[in-house]
1. Among rounded, prolate and oblate, which fits the stretch 105-144 when a ≥ b ≥ c are the square roots of the eigenvalues of its C-alpha gyration tensor, a/c under 1.5 means rounded, and a/b larger than b/c means prolate?
2. Considering the Cα trace of the stretch 1-143, what is its radius of gyration and what is Dmax, both in angstroms?
3. Would you mind giving the three semi-axes, in whole Å and largest first, of the ellipsoid equivalent to the stretch 51-126 according to its Cα gyration tensor?
4. Using the Cα atoms as the points, what is the convex hull volume per residue of the stretch 71-171 in Å³?
5. How large is the Kirkwood hydrodynamic radius of the stretch 18-74, counting all unique pairs of alpha carbons, in Å?
6. Once amide H atoms are built 1.01 Å from N in the peptide plane, which residues 5 or more positions from GLU146, or in another chain, come under 5 Å H to H?
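FYI, it's all coordinate maths here, none of it is from the lab. The model shown is predicted, which means the values in this text are computed figures rather than measured ones.
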Amino acid sequence: MAKSPEVKLAVFGRAGVGKSALVVRFLTRRFIWEYDPTLESTYRHQANIDDEVVTMEILDTAGQEDIQQKEGHVRWGDGFVIVYDITDRGSFEEVGPLRSLLEEVKKPKNVPLVLVGNKSDLDHIRQVATEEGERLAAEMACAFYECSACANEGGAVAEAFHELCREVRRR
Ligand code: GDP
Ligand code: MG
């Protein structure tokens, strides 16, 4: 039997945007309110995507690494989830620079990537419009998901990770 493909995914974004909550939601279908913000963890996870068993290694970064550490994470990864918090405009503004870093480290290769606007349950204190996320994703030529690690309506969190796996496998 052919060895199942393995993809390395790294989750990036400013501290506090919900990276750990999203990863834990994806892996356990649960929401954990408080998660050590300084912790960096890797997880292994298998999923059936389009009738193929894919093994993922997922790196949940802390979001406060220095540039050398960040570059190391970028070199390690095959695909990237860039997360911002829809209630934190500053986190949205950090997406562009993160994307540039990915491009720079991976060039001349294309970088498989998905953009996630998290905390969509907090619509009443939203600072970033859905259209802005969509526009940025279009500029970066990547898929875009607004989702919530705590509400997870429609399973958008898993969809984002699965789409990223597909994107990696296409390259
Ligand atoms: P990280 O630093 O990016 O890993 O962020 P965490 O996963 O530690 O989450 C930071 C804070 O945001 C925690 O207090 C979480 O409970 C909260 N949080 C994460 N995701 C969501 C979400 O989708 N909705 C809401 N309302 N809070 C969230
Ligand atoms: Mg975290």
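1. prolate
2. Answer for the stretch 1-143, Rg first and Dmax second: 15.2, 51 Å.
3. In descending order the semi-axes read 23, 17, 12 Å.
4. 96 Å³
5. Every distinct Cα pair counted, the radius reaches 12.7 Å.
6. It is GLY117, by chain and number.
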